[in-house]
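The values are calculated or read from the model by the stated rules, or taken from the named source; none is laboratory data. Worth saying up front: this structure is predicted, and the values here are computed from it rather than measured. Every residue, glycine among them, receives a Cβ derived from its backbone with ideal geometry; neighbour counts consider all protein chains shown. Ligands, DNA and RNA are excluded from the accessible area calculation, which covers all protein heavy atoms including side chains. Shrake-Rupley method; radii C 1.70, N 1.55, O 1.52, S 1.80 Å.
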Amino acid sequence: METFGPEERALFEGAGTALFGELVLTAGLRADDPRILPGGEFGEALELLRRMGLAKLSTDGSQWEAQDPSAVQSRVVSPLGQEGARLLNESSRWANAFGSLNHAWKRAPHAVVGGPFTYLETEQIDPFIASLVAECEEEVLTAQPQAIRDTKALPHVVLRDTALLERGAKIRTLYQHSARRNNVTRKYVAAVTERGGEVRTVDEFFNRMIIVDRQVAIIPSKETLRVVVAVREPSVVAYLVDVFERSWERGRPFSSREASVMRDIAAEQRSMTLRMLIEGHSDPVSAKRLGVSPRTYAGYISDLKEEFEAETRFQLGYTIGTLGLTGQDEDDVDDADGAEDQALEN
């Protein structure tokens, strides 16, 4: 029995459905209608309907007529369901087969499996992370310095993480404040928070980190971003968990749009921009630390010039130094206002 795949379904949902509707409404279309001839607007759609049994040429061959879809549906859908059940069963059997290998690997001494630190190259990273997440029992902690930008990867990431949440495990994710403006990231956050995941944002730059069940941490290699290190040393993993928890406590809920939260975020980004200026970082480095484009960072500098009535960056730096601002304290804004008021009084 002929089966139909995603391409046929897409054609069926579009031109096929439209053509079938017209066949029903007009009680058939003439066989010489140019729209249904090969190369015509509905040429491919008619051929698909014919193969499916939804369109049939009249006895005299003069027109194409619609056929009852209820008689065709089971013929098309049932084989797909049977194939799906077969694949699920096969998938389960493969998972069971790999289970014994995973148990043997985990029981092996560290000296055999490569010690508490495993270096993974590009092609090994995603499968390794996928296997860790699939085996997660309690919680995944992730720190993402950049927003999700790969729209093609989004469905895979959402499916992986929502499956984890639906198993009863937890996900907590940290982004930088700048991720709030990224549409792809917002879609991901909406999907996971709907199922109980938690997402917060912070101002400071941090490297990517994934911690699974507080037993395995994945961090970048210092040599190249194409290599990551899987850490199983309990003391190191505990330290990284503590780093994550401290940042989490400072984080602002991603989904919150309260005026007070947005003011706090704006103040934190302003303070960090001040720190970048005071520490003398270049614009590209500062933009990366803030998680924004160089153009956006230039806008932050422009806002500060306007705020402190400075025409040049040198004047801005001199004013900041005169006021004694550090960019470290939330009270910098109040300190600046107070210094300016005192100068006016004198």
Q: Look at T193 and say whether it is modelled with pLDDT of 90 or more, out of contact with any Lys or Arg (no Cβ under 9 Å at 6 or more places or on another chain) and surrounded by 13 or more Cβ atoms within 10 Å (Cβ to Cβ).
A: yes
| On the given criteria, is V202 in contact (Cβ under 8 Å) with a residue 24 or more places away in the chain and under 19 Å from the mean Cα position of the chain (by Cα)? | yes
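Kindly provide the set of residues from region 160-179 that are closer than 26 Å to R263 by Cα and surrounded by 20 or more Cβ atoms within 10 Å (Cβ to Cβ), ordered by number. I'd like the intermediate steps shown before the answer.
Looking only at region 160-179, we keep the residues that are closer than 26 Å to R263 by Cα, and these are 172-179.
T173, L174, Y175, Q176, H177, S178, A179 - these are the residues of region 160-179 that are closer than 26 Å to R263 by Cα and surrounded by 20 or more Cβ atoms within 10 Å (Cβ to Cβ).
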For region 241-266, the count of residues that are over 15 Å from R180 (Cβ atoms) and modelled with pLDDT under 80 equals 1
Within region 26-48, restricting to residues that are in a loop (DSSP other than H, G, I, E, B) and open to solvent by 80 Å² or more (accessible area, probe 1.4 Å), the one that is farthest from G81 (Cα to Cα) is D32
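Mind checking which residues of region 49-65 are of a type in the set (A, V, I, L, M) and surrounded by fewer than 17 Cβ atoms within 10 Å (Cβ to Cβ)? Spell out how you get there, then give the answer.
Initial filter on region 49-65 (of a type in the set (A, V, I, L, M)): 49, 52, 54-55, 57.
L57, the sole residue that qualifies.
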Of those in region 84-121 that are at pLDDT below 80 and of a type in the set (S, T, Y), the residue nearest to V229 (Cα to Cα) is S100
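Among the residues of region 1-25, which ones are in a loop (DSSP other than H, G, I, E, B) and open to solvent by less than 70 Å² (accessible area, probe 1.4 Å)? Spell out the reasoning first.
Kept after step one, since they are in a loop (DSSP other than H, G, I, E, B), are these residues of region 1-25: 1-5.
Matches in region 1-25: F4, G5.
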Flagged pairs (Cβ under 6 angstrom, 6 or more apart or on separate chains; first in region 60-82, in contact (Cβ under 8 Å) with a residue 40 or more places away in the chain and over 21 Å from P34 (Cα atoms); second open to solvent by 50 Å² or more (accessible area, probe 1.4 Å) and not in a loop (DSSP other than H, G, I, E, B)) are none
